[in-house]
Amino acid sequence: MAFDGITIANLARDFNKLLLNGRLVKIAQPEVDELLLTIKPDEKQCQKNGCDSSGQLRLCISASASLPLIYLIDQNKPGPLSAPSFCMLLRKHLQNGRIVSIRQPGLERVLLFEIEHLDEMGDLKKKKLIVEIMGKHSNIIFCDEDNRIIDSIKHVSALVSSVREVLPGKPWFIVQTTDKADPLSLSRSEFMERIFSRPQECYKALYTSCTGLSPAVATEICHRGGVDSCRSAIEANDDQKESLWQAFSKVMDDVRQNRFSPCIVYENQAPAEYAALTLTSYPAAQRKDYADISVLLADYYEEKNRISRIRQRSADLRRIVATALERNVKKYDLQQKQIKDTQNRQRYRVYGELLNTYGYSCPPGAASLSVTDFYSGKPVTIPLDPLLSPGENAKRYFEKYKKQKRTCEALTRLTQEVQEQIRYLESIATALDIAQKEEDLVQIKEELIESGYLRRKGAAKKPRITSRPFHYISSDGFHMYVGKNNLQNEELTFQFASGNDWWFHAKDMPGSHVIVKCEGRDLPDATYEEAARLAAHYSRGQSLDKVEVDYVQRRQVKKVPGAKPGFVIYHTNYSMRIGTDISGIRLAEPNESLPHEKRVSPL
């Protein structure tokens, strides 16, 4: 997911189509390290490239150390009441300026905007706004036409960097801290020498030898060349070297000719990787293609931020569940140890019976009595209290037996209750992992309140539940529903599903109930497998290669009186072991529903 040089090249192509000769009508600084430039496109330039010249475009530039970005956005961002000094400086020099060139040096992660404007005397001047997307070293630098720094959004002194100072009056230049070559100008002989002399994996040798290549693109080049990306480069034979060079050359030709095909790769419906080139190393079903790299970046990071935001919002709930789970696990371990201590209770009962039978032969004050066990026929030595008679010793052993029996019965019951609590808390932890929206967390929080793990604050009213189950469509057109938490599982199974519908669940582990609506039809094998994959994916076994899934008609699933929400029993079922990848299963659109759902919607 690196913001690499090829992504910058794709952005440079798009910006030259849309922004070249455009005018800066507004400059804002919504965040400390972020600029928002509003640009009025040039009509002639847009007509030339077949673009819409009406309206304005917003260019977002972020030099954040954690998430540096540059892309076109649709929505506006509110700025502070008083503009920062860097923003005021740009307004003074660049307001109403015209963008005369946008270029990328080599395949560096740098974009140079050359802007023409009129100074205080009315003379035509040129300035440069340089955007460096380099991780924690990202910056936005304002220079004159001689590359002399006027100011920057981040100041870097000699105390911070001994390589380059970014301060007013200092010269700007691209730092060369590594021995990397420009891949656009790399010859065949240089490629062979640089790549195949390194004792590294092929993909790593590629991106550590050339500027602008991310690990994802390097892996893609290896895939296109038919070379194992994890194979040591120094061990490659002549055919593999030539094949990798050909694949590398074609990719660089695409970059030179501005032939880009941006895509996002999804793994288990979460964005895992993106690139400005088609990542053919992933199945087509896992890829989503884009025509605009800015739209791709907006979608990708919005989804990543959403996932991160949900993890942050659920942190308190996770802590409560984890604390309760840890407490119950400790209690369960202690109870198991106590039950183990009562396993020898039958021996005390036998001692008592033997003493009642053979006690007459025990001499007074004896510390033990050796007799034959009439149950096993083996000799046994019974320890005695010399101060007590054989009858009193027998009574003491019977009391000890009864006490341990009562303890074992009580502990067995308590252990079962604690075990149910552990299973229940594990199911809530799984539901927190499944949650994708804030309304999902609201329902889980409400469940914790109803279960007594949380208290409702003051006179707060019960919130309105808007979370809905996942809705998928099988390849054969069957509607499949997946509960996101215990309450949804309960309602899906016992209120929404009919007796002939099919029910799926991961075997012996917390997870979602999956309901397949049959509508009087028999399920094809493909639908069985897709529903089972959904049950495997939305379970605690999501990270496993394969999960065993039980499936049965809904009429066979029963609710145990007094059990926690979503906990059921069934006695006759089918099972299958299946993978957890659901990338090829289609998520239904909001307006896709069954005819009966117009009257009775799930949940």
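The values are calculated or read from the model by the stated rules, or taken from the named source; none is laboratory data. Just so you know, these numbers come straight off a predicted model, no measurement behind them. No Cβ is skipped: glycine too gets one built from the backbone with ideal geometry, and neighbour counts run over all protein chains shown.
Here are the numbers:
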{"item": "Conditions (1) surrounded by 14 or more Cβ atoms within 10 Å (Cβ to Cβ); (2) β-branched (Val, Ile, Thr); (3) in a helix (DSSP H, G or I): number failed by Thr323", "result": "(1)"}
{"item": "Residue among Ser543, Ser575 that alone is in contact (Cβ under 8 Å) with a residue 24 or more places away in the chain, hydroxyl-bearing (Ser, Thr, Tyr) and in contact with an Asp or Glu (Cβ under 6 Å, 6 or more places away or on another chain)", "result": "Ser575"}
{"item": "Scan of the range 574-591 for residues that are at pLDDT below 85 and either farther than 15 Å from Ser475 by Cα or in a strand (DSSP E or B) (or both), ordered by number", "result": "Pro590, Asn591"}
{"item": "Any hit, the range 514-535, residues being more than 19 Å from Ala588 (Cβ to Cβ) and of a type in the set (A, V, I, L, M, F, W, C)", "result": "no"}
{"item": "Residues located in the range 253-271, provided they are surrounded by fewer than 15 Cβ atoms within 10 Å (Cβ to Cβ) and within 22 Å of the chain's Cα centre (by Cα)", "result": "Glu267, Asn268, Ala270"}
{"item": "Filtered residue count, the range 275-330, keeping only those that are among the β-branched types (Val, Ile, Thr) and over 24 Å from Gln443 (Cβ atoms)", "result": "5"}
{"item": "Some residue of the range 211-227 being at pLDDT 90 or above, in contact with a strand residue (DSSP E or B) (Cβ under 6 Å, 6 or more places away or on another chain) and farther than 21 Å from Arg287 by Cβ", "result": "no"}
{"item": "Which numbered condition Cys263 fails, given (1) within 30 Å of Tyr472 (Cβ to Cβ); (2) of a type outside the set (Val, Ile, Thr); (3) at pLDDT below 90", "result": "(3)"}
{"item": "Residue match in the range 226-237 (condition: surrounded by 20 or more Cβ atoms within 10 Å (Cβ to Cβ), part of a strand (DSSP E or B) and either among the acidic types (Asp, Glu) or out of contact with any Gly (no Cβ under 8 Å at 6 or more places or on another chain) (or both))", "result": "no"}
{"item": "Residue satisfying all of: in the range 170-204; in a helix (DSSP H, G or I) and among the acidic types (Asp, Glu); nearest to Asp228 (Cα to Cα) among these", "result": "Glu193"}
{"item": "Candidate set: the range 81-128, residues that are among the aliphatic types (A, V, I, L, M), over 20 Å from Ile70 (Cβ atoms) and under 39 Å from the mean Cα position of the chain (by Cα); chosen: the one modelled with the highest pLDDT", "result": "Ala83"}
{"item": "Qualifying residue in the range 402-423 (condition: part of a loop (DSSP other than H, G, I, E, B) and charged (D, E, K, R))", "result": "no"}
{"item": "Total residues in the range 137-169, condition assigned to a loop (DSSP other than H, G, I, E, B), in contact (Cβ under 8 Å) with a residue 40 or more places away in the chain and hydrophobic (A, V, I, L, M, F, W, C)", "result": "1"}
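Every residue, every condition in (1) within 24 Å of Ile293 (Cβ to Cβ); (2) touching a strand residue (DSSP E or B) at 6+ places or on another chain (Cβ under 8 Å); (3) part of a loop (DSSP other than H, G, I, E, B), yes or no:
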| site | (1), (2), (3) |
| --- | --- |
| Asn21 | yes, yes, yes |
| Lys26 | yes, yes, no |
| Pro30 | yes, yes, no |
| Gln47 | yes, no, no |
